[in-house]
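What follows is a set of notes on a single structure, which appears directly below.
Every number in this text was worked out from the coordinates using simple rules, so none of it is lab data. These figures come from a predicted structure and were not determined experimentally. So basically every Cβ, Gly included, is an ideal-geometry build from the backbone, and we count neighbours across all protein chains shown.
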Amino acid sequence: HYSFFQGSPRWPVGKTHLTYWFDDTTPSNAKPAFVRAFDKWASVTQYFTFSETQDSQSSDIKIGFASGDHGDGNPFDGPGSTLAHAFAPTDGRLHCDAEESWSIGALANYTDLETVALHEIGHLLGLDHSSVADAIMYPTIPTGAVKDLHDDDVQGIKALY
Ligand code: TQI
Ligand code: CA
Ligand code: ZN
Ligand code: ZN
């Protein structure tokens, strides 16, 4: 079953459009994977819409790649282990560990960026981890085919918004 963060933080009532911004550490081929992940959340929630902005100041969500200590108190740890993290609403920061072997699409020995992006966007929207093994918010990285959102993820986001 899905769960929320302590206190169920969420984006404000009426704020259904969120903008995202890629900092200059984001590889250009990573962007379409994020765009697909945002589109998946938008289509299942029928609540949120997302669009890219070039204006970091006004952006709701800020995406970047970093390695080691990158100034937010949650240092990355080199290849493996922690792959990415995102903060609960309404922080909006989403960071990927630049030292991972990322792939666009499932590939043996690589981590599929779109799957991780789907999971981290769930955190950005207010979902904590789920106990349903097939849910995107389940705290184990799935292997093989790129995963889609599960009914449990959709139920969770619909319960929060
Ligand atoms: N990063 C953890 C995660 O996103 C960081 C984390 C732990 C976290 N607890 C949290 C973030 C609570 C927000 C709220 O879960 S990770 C997976 C999964 C990670 C893990 O790199 O370990 C995915 C990133 F679910 F597969 F384990 C993406 Cl999909
Ligand atoms: Ca790592
Ligand atoms: Zn970080
Ligand atoms: Zn997680």
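List, please: which pairs have Cβ atoms under 8 Å, are six or more places apart or on different chains, and start with a residue in the stretch 1-12 that is under 18 Å from TYR138 (Cα atoms) and end with one that is of a type in the set (S, T, N, Q) and part of a loop (DSSP other than H, G, I, E, B)?
Close Cβ pairs (under 8 Å, with a partner that is of a type in the set (S, T, N, Q) and part of a loop (DSSP other than H, G, I, E, B)) amount to HIS1/SER130; HIS1/SER131; TYR2/SER130; SER3/SER130; SER3/SER131.
Among the residues of the stretch 67-92 satisfying the criterion of being under 17 Å from the mean Cα position of the chain (by Cα), of a type in the set (Gly, Ala, Ser) and part of a loop (DSSP other than H, G, I, E, B), which is farthest from ligand 4 (Cβ to nearest atom)?
That would be GLY92.
Is there any pair linking a residue in the stretch 142-161 that is in contact (Cβ under 8 Å) with a residue 24 or more places away in the chain and within 16 Å of PHE38 (Cα to Cα) to one that is basic (Lys, Arg) and buried (at least 17 other Cβ atoms within 10 Å of the Cβ), with Cβ under 9 Å and at least six apart or on different chains, and which?
Pairs that qualify, where the first residue is in contact (Cβ under 8 Å) with a residue 24 or more places away in the chain and within 16 Å of PHE38 (Cα to Cα) and the partner is basic (Lys, Arg) and buried (at least 17 other Cβ atoms within 10 Å of the Cβ), are ASP148/LYS40; LEU149/LYS40.
Does PHE87 fit the bill of being touching a helix residue (DSSP H, G or I) at 6+ places or on another chain (Cβ under 8 Å), aromatic (Phe, Trp, Tyr) and within 14 Å of ligand 3 (Cβ to nearest atom)?
So PHE87 fits the description; yes.
For the stretch 126-158: of the residues being over 18 Å from ALA84 (Cβ atoms) and crowded, with 19+ Cβ neighbours inside 10 Å, which is farthest from ligand 1 (Cβ to nearest atom)?
Taking the candidates together, the pick is ILE157.
Among the residues of the stretch 67-111, write down those that are surrounded by fewer than 16 Cβ atoms within 10 Å (Cβ to Cβ) and either among the acidic types (Asp, Glu) or at positive phi (or both).
Of everything in the stretch 67-111, those that are surrounded by fewer than 16 Cβ atoms within 10 Å (Cβ to Cβ) and either among the acidic types (Asp, Glu) or at positive phi (or both) turn out to be GLY68, ASP69, GLY71, ASP72, GLY73, ASP77, GLY78, GLY80, SER81, ASP91, GLY105, ASN109.
Which number in (1) away from ligand 2 (no atom under 16 Å from the Cβ); (2) free of Cβ contacts under 8 Å to residues at least 60 places away in the same chain; (3) of a type outside the set (A, V, I, L, M) marks the one condition that ASN109 misses?
Against the list (1) away from ligand 2 (no atom under 16 Å from the Cβ); (2) free of Cβ contacts under 8 Å to residues at least 60 places away in the same chain; (3) of a type outside the set (A, V, I, L, M), ASN109 comes up short only on (1).
Conditions (1) touching a residue at least 12 places away in the same chain (Cβ under 8 Å); (2) touching a strand residue (DSSP E or B) at 6+ places or on another chain (Cβ under 7 Å), marked per residue:
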site	(1), (2)
PHE22	yes, yes
PRO32	yes, no
ASP39	no, no
PHE76	yes, yes
HIS95	yes, yes
TRP102	yes, yes
